[in-house]
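**Q** There's a structure below that I have some questions on.
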Amino acid sequence: MVRDSASAPTEPGDNSYVARRADVVAFSLPSVPELEIRPRVLPAVTIGELVGAGTVEVLESPPTLLPVDTGSPMLSAKDIRVDRSPSTSGDPSVPGAVTTRPGDVLVVTGSGPTIVRVCTISALLAPRVALVRANPAVVDHRFLAGVLQAAADSEDGKLPDLFAVGFPRMPLAEQRLAGASVVELMALDDAWRHQRSAVEQLVREGIAGLAGGRLSPGSTA
């Protein structure tokens, strides 16, 4: 227990700032891939052309697939945006209902920025989410996700026409190497976003603690 200048007892603040500071200081940057400049830009084929060739499928559940109290786990657009497990259920018997597979690429458009994620589970897919499924003998799904994310980033976070996105022509072995680098870069982005959020909260807590008399500068010795 401490007393303020008016001699009224006040409780000391919690140690959330101390714990958060330790996490921020201990942050370690994930692996950053080394990338080289190509002597020339590779030619590309559109996603629409890959669909026409049967190499890629683009699927979407119908709007008649609605949440139900009892059914199969269903991934919603919000689930994918916040990167969480299915939060609702759906009826898999609805005609046209799409079920995801590990390795599918999920694309969420709409009001916010376009989100591209590689699916790791099997679940029903709610409407308003595009599923891009590639033949793994021809296309690396991780590289495909990177191509779609790059297309969205080049349009200020929007992806107006999925079928018009260009996919570089390269051997599967090279796609897999590029896909591994995409995974590293996405992990770097996730780590940086988490760290930035932690730093912003640390700053707010620190200033509020100093201003409110709950925190004091530590020893500089």
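**Q** Looking only at residues in the stretch 1-40 that are among the β-branched types (Val, Ile, Thr) and part of a loop (DSSP other than H, G, I, E, B), which one is modelled with the highest pLDDT?
**A** It comes out as 37.
**Q** Out of the residues in the stretch 47-69 that are acidic (Asp, Glu) and not in a loop (DSSP other than H, G, I, E, B), state the one that is farthest from residue 91 (Cα to Cα).
**A** The qualifying residue farthest from residue 91 (Cα to Cα) is 49.
**Q** Now for a separate question. List every residue pair whose Cβ atoms sit under 6 Å apart, with the two residues 6 or more apart in sequence or on different chains, where the first one lies in the stretch 65-88 and is within 19 Å of residue 194 (Cβ to Cβ) and the second, anywhere, is of a type in the set (Phe, Trp, Tyr) and outside any strand (DSSP E or B).
**A** Close Cβ pairs satisfying both conditions: none exist.
**Q** Given the options 190, 156, name the one that is over 30 Å from residue 17 (Cα atoms) and among the acidic types (Asp, Glu).
**A** Criteria check complete, one pass: 156.
**Q** Restricting to the stretch 96-145, and then to whatever is assigned to a loop (DSSP other than H, G, I, E, B) and hydroxyl-bearing (Ser, Thr, Tyr), can you tell me which residue is modelled with the lowest pLDDT?
**A** Out of the qualifying residues, it is 111.
**Q** Using the structure shown, decide if residue 179 is under 17 Å from the mean Cα position of the chain (by Cα) and more than 22 Å from residue 79 (Cα to Cα).
**A** Yes, satisfied.
**Q** Same structure again: Could you give me the residue pairs with C-beta distances under 7 Å whose first residue belongs to the stretch 148-166 and is under 11 Å from residue 114 (Cα atoms) and of a type in the set (S, T, N, Q), whose second residue is modelled with pLDDT of 90 or more and surrounded by 14 or more Cβ atoms within 10 Å (Cβ to Cβ) wherever it lies, and which are 6+ apart or on separate chains?
**A** 149/116
**Q** If you don't mind, another one. Within the stretch 178-193, track down each residue that is out of contact with any helix residue (DSSP H, G or I) (no Cβ under 7 Å at 6 or more places or on another chain), free of Cβ contacts under 8 Å to residues at least 60 places away in the same chain and surrounded by 15 or more Cβ atoms within 10 Å (Cβ to Cβ).
**A** 186
**Q** Continuing with the same structure: Can you say whether residue 93 is farther than 22 Å from residue 115 by Cβ and at pLDDT 95 or above, as far as the supplied structure shows?
**A** In short, yes.
**Q** Then there's this: Scan 193, 117, 176 and give me the residue that is in contact with a Phe, Trp or Tyr (Cβ under 8 Å, 6 or more places away or on another chain) and among the basic types (Lys, Arg).
**A** 176
**Q** Considering only the stretch 72-93, state which residues are surrounded by 17 or more Cβ atoms within 10 Å (Cβ to Cβ) and part of a loop (DSSP other than H, G, I, E, B).
**A** 76, 86, listed by residue number.
The values are calculated or read from the model by the stated rules, or taken from the named source; none is laboratory data. What you are looking at is a predicted structure, and each value in this text was computed from that prediction instead of being measured. Because the Cβ atoms are built from the backbone with ideal geometry, glycine has one as well, and the counts that use them run over all protein chains shown.
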